[in-house]
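K.L.:
Could you have a look at this structure, given as structure tokens, before my questions?
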Amino acid sequence: MATSSYPRFQGDGVGSFIEPIAHGIASLGHEVHIVAPWHPLIRRPLSENGVHFHFFRYFPSKNLNVFGYASSLTADVALRPATYLITPFALVSWWSKVRQVAKQHQASLIHAHWVIPGGFVSAATHLPIPMIVSLHGSDVFVAESYAVARMAARYTFSNAAWVTACSDDLRQRAINIGADAQRSETIPYGVDADRFKPNALTRAKIRRLHNIDDQTPLIVAAGRLVRKKGFEFLIDALGTLKTRYPQVRLWLVGGGDLENELRQRTNSKGLNAHVKFFGALPQHEIASILSTADITVVPSVRDDAGNVDGLPNILLEALSSGSTVVATPAGGITTVAKDGETACIVPERDPNKLSETIEKLLTNVDLRTKLGSAARALMLQNYTWQHIAKRFEKAYQNTITHHTDT
């Protein structure tokens, strides 16, 4: 697997969906090698649970390790200036490492994450083994936004035996760039249903810890603080909601470039006593917070630059936790969240509709229970990482078959 991000330590939220894909494939009896950029926060052994790590160094200065790990884009909208300087060094080092590891371990195929840079680097190795490329969102956005990146994506698609996308929206956008519709499919992310689950004891414990009684409405949102997450619209909705529910609380989990802006927005609306910024948290703490929430909001948008989530991990985690979910139809959200069945779907960038829907749910416990139970059942039936690993294994078979046929 060639990837520009992988959880740097246990519980890290960066690239968190890559880890269960790798472990899921390894659990099916396959040997998995991860080739990824080095980062100063990496705390990984050489191997664990059948997954072997090969982190490559590409620049001596720690301050310029901005390649991968969600470090290359500012607010997920524009490339950071340092990215232009570092990219040539990183690509060459990565290319060399992929070739070395694939040859040394006699790889059967390359699974490249993100069409650029992972897919491009893997295609450029010209190794005589098949390649599958998985799309995750920001890679397709960059290909849509920059001519050079678009050329690199087209080159990659032409060399890929198979392509997967985490949502139908992302797959279609990739086809528009140059991916072959007949050699691509949608494989969504999965969820750790043992970690993300309803837990009454945890709910009571966390609420006591934060001095919130069981009757206080608690709304949770989580993700990187970037434009496409739409958190500013949730803050605006809370401003309206607090007039009817003066005790309402919003817990916002995650870090990012827009933290100061969102804090200022919160302050300007007189919401400092109602909103708590937690910063980035490890996965087990996010699970505890989701089980404590009355409502989890995923207010994603297609931002002004055109970037949009593929399929937010927090959506699947909230659905698995049995938390009542309010979300927008942005990206691949409605692939999983069905309005009136497993969640409530509201228009993007609409604080009024968002506050109205949250209020409706707060006044209807039976509806919250119904949606939460149905969401949990759906996750257990179709979206555990064990299910998703088997779908990737089948995609690997398609990759090898197509490569052999051509």
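The numbers here are math on the coordinates, done by the rules we state, and not lab data. Just so it is clear, the model here is predicted, and its values are computed rather than measured. Cβ coordinates were reconstructed from backbone atoms using ideal geometry, including for glycine residues, and neighbour counts include every protein chain displayed.
K.L.:
Sticking with the crude label model, points 7 Å out along Cα→Cβ, report the distance from Asn267 to Ala377 in nm, one decimal please.
P.N.:
Between Asn267 and Ala377, the simple spin-label model gives 4.8 nm.
K.L.:
Taking neighbour Cβ counts within 10 Å as the exposure measure, how do His402, His126 sort from fewest upward?
P.N.:
His126, His402
K.L.:
May I pose another question? Please say if the stretch 200-382 is rounded, prolate or oblate, where rounded means a/c under 1.5 for a ≥ b ≥ c the square roots of the C-alpha gyration tensor eigenvalues, and otherwise the choice is prolate for a/b larger than b/c and oblate otherwise?
P.N.:
rounded
K.L.:
Something else about it: Each residue of the stretch 105-111 in turn: what ³J(HN,Hα) in whole Hz from Karplus with 6.51, -1.76, 1.60 and θ = phi - 60°, glycine and Pro shown as x?
P.N.:
Those phi angles translate into 9, 6, 4, 7, 7, 10, 9 Hz.
K.L.:
A follow-up question, please. Tell me which chymotrypsin sites (Phe, Trp or Tyr not before Pro) from the stretch 9-48 have a DSSP coil assignment and no more than 12 other beta carbons within 10 Å of their own. Spell out each step's value before the answer.
P.N.:
Numbers: sites: Phe9, Phe17, Trp38; in loops: Phe9, Phe17, Trp38.
Sites meeting the loop and neighbour criteria: Phe9.
K.L.:
What percent do you get for the relative contact order of the stretch 200-382 when only Cα pairs under 8 Å and 6+ apart count?
P.N.:
Numbers: 322 pairs, mean separation 41.7, N = 183.
Result for the stretch 200-382 is 23 percent.
K.L.:
Still on this structure, please answer the following. Rank these for me by crowding, Arg203, Arg195, going from fewest to most other beta carbons within 10 Å.
P.N.:
Arg195, Arg203
K.L.:
To continue, here is another question. If R0 is 60 Å, what FRET efficiency do you get for Tyr84 and Asp366 from their C-beta distance, rounded to 0.05?
P.N.:
That gives a FRET efficiency of 0.65.
K.L.:
May I pose another question? In straight Cα distance, which lysines are under 20 Å from Lys370, not counting same-chain residues fewer than 8 positions off?
P.N.:
Candidates past the 8-residue exclusion: Lys197, Lys338, Lys360.
K.L.:
Moving on. Note down the nm distance, to one decimal, between modelled labels 7 Å out along Cα→Cβ at Lys394 and at Ile175.
P.N.:
Those two pseudo-labels are separated by 1.8 nm.
K.L.:
If you don't mind, another one. For the chain, rounded, prolate or oblate, judged on the Cα gyration tensor with a ≥ b ≥ c (square roots of eigenvalues), a/c < 1.5 rounded, else prolate if a/b > b/c? List each step's numbers first, then the result.
P.N.:
Details: a/c = 1.84, a/b = 1.66, b/c = 1.11.
The shape class here is prolate.
K.L.:
Looking at the square roots a ≥ b ≥ c of the eigenvalues of the Cα gyration tensor of the stretch 104-192, which shape do they give, rounded for a/c under 1.5, prolate if a/b is larger than b/c, or oblate?
P.N.:
oblate
K.L.:
Which of Tyr396, Tyr155 comes first, and how do the rest follow, when ranked by fewest Cβ neighbours within 10 Å?
P.N.:
So the residues, fewest neighbours to most, are Tyr155, Tyr396.
K.L.:
Between Ser61 and Leu201, what length in nm is gained on full extension when 0.36 nm per residue of separation is reduced by their alpha carbon distance? Could the numbers behind the result be given before it?
P.N.:
Details: separation 140, 0.36 × 140 = 50.40 nm, distance 4.63 nm.
Fully extending the segment from Ser61 to Leu201 adds 45.8 nm.
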